[in-house]
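What follows is a short report on a single structure.
The values are calculated or read from the model by the stated rules, or taken from the named source; none is laboratory data. Predicted model only: the values in this text are computed from it and were never measured. Note that each Cβ is placed from the backbone with ideal geometry, even for glycine, and that neighbours are counted across all protein chains shown.
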Amino acid sequence: MKKIISSALYTALVVIALSSCQKGEVVQDVNSLSIGSYVTLVSAGNNIIDATNLAGTKVSASVKEYGSPQEKLIVYVTKAPVTTNKANWKKVKEYTNSGGTYNLEVSGQEISNALGKAPGPGETYILYNQVVTKDGRVFDVSNTLPIWQT
């Protein structure tokens with residue numbers, strides 16, 4: 001008798017548990033989501049800074065906008081390793097969007113000025129993009145990877 005009661009109780013619990021699990025629609029209107037914005041690499045140039053010739057050496061890349069229309073692109077720098085802590089980022093320069101393509105060039109001297117010290121031989125620095133769209137939204141490392149390491 002005890003076996004029958006425990007079996008019936010177990011069966012009832014399983015039926016209750018299974019009946020409470022139903023598939024349903026996700027309550028999210030796709031139209032409420034917006035389109036982000038970032039840049040894609042067209043071509044990479046030099047990515048090495050000569051620490052002995054800061055004014056005469058540059059890193060470069062050509063990128064184009066993707067997604068929502070962009071107003072400008074801001075380049076920041078940090079010493080390696082990669083960090084998403086924006087408090088460590090130092091602004092290097094801004095580029096205004098003209099035609100959807102940016103020809104980025106950052107000199108060793110500009111990196112030195114932004115960091116407040118000269119890059120040393122063998123040190124690695126990370127350059128980050130921050131995109132500002134025409135409607136004022138900002139996109140950065142959360143959906144835009146660093147262009148290059150120097």
Subject >> Residues that are under 18 Å from T52 (Cα atoms) and surrounded by 11 or more Cβ atoms within 10 Å (Cβ to Cβ), drawn from the stretch 92-116 >> reply: V106, S107, G108, Q109, E110, I111, S112, N113, A114, L115
Original post:
Do you know which residues across the stretch 128-150 are buried (at least 17 other Cβ atoms within 10 Å of the Cβ), hydrophobic (A, V, I, L, M, F, W, C) and modelled with pLDDT under 90?
Top reply: V141, I147, W148
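Tell me which residues, restricted to the stretch 92-132, are in a strand (DSSP E or B) and out of contact with any Lys or Arg (no Cβ under 7 Å at 6 or more places or on another chain). If you could, list the steps in order and put the result at the bottom.
Start the filter on the stretch 92-132 by keeping residues that are in a strand (DSSP E or B), which leaves 92-96, 101-107, 125-132.
Once the filter is applied, which keeps residues that are in a strand (DSSP E or B) and out of contact with any Lys or Arg (no Cβ under 7 Å at 6 or more places or on another chain), the stretch 92-132 yields V92, K93, Y102, N103, L104, I126, L127, Y128, N129, Q130, V131.
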Original post:
Which one of S68, S98, S43 is farther than 19 Å from V141 by Cα and in contact with a Ser or Thr (Cβ under 6 Å, 6 or more places away or on another chain)?
Top reply: S43
**OP:** Provide a single number: the residues in the stretch 59-118 that are over 18 Å from the mean Cα position of the chain (by Cα), more than 18 Å from V39 (Cβ to Cβ) and among the hydroxyl-bearing types (S, T, Y).
**Re:** 2
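Among residues belonging to the stretch 37-91 that are among the acidic types (D, E) and part of a strand (DSSP E or B), point out the one that is surrounded by the fewest Cβ atoms within 10 Å (Cβ to Cβ).
The first filter runs over the stretch 37-91 and keeps only residues among the acidic types (D, E), leaving 50, 65, 71.
Adding the requirement that they be part of a strand (DSSP E or B) leaves 65, 71.
Values: E65: 19, E71: 14.
Within the stretch 37-91, the match that is surrounded by the fewest Cβ atoms within 10 Å (Cβ to Cβ) is E71.
When you look at S98, is it modelled with pLDDT under 90 and not aliphatic (A, V, I, L, M), yes or no? Step through it out loud before you land on a result.
On the way: modelled with pLDDT under 90: yes; not aliphatic (A, V, I, L, M): yes.
Yes.
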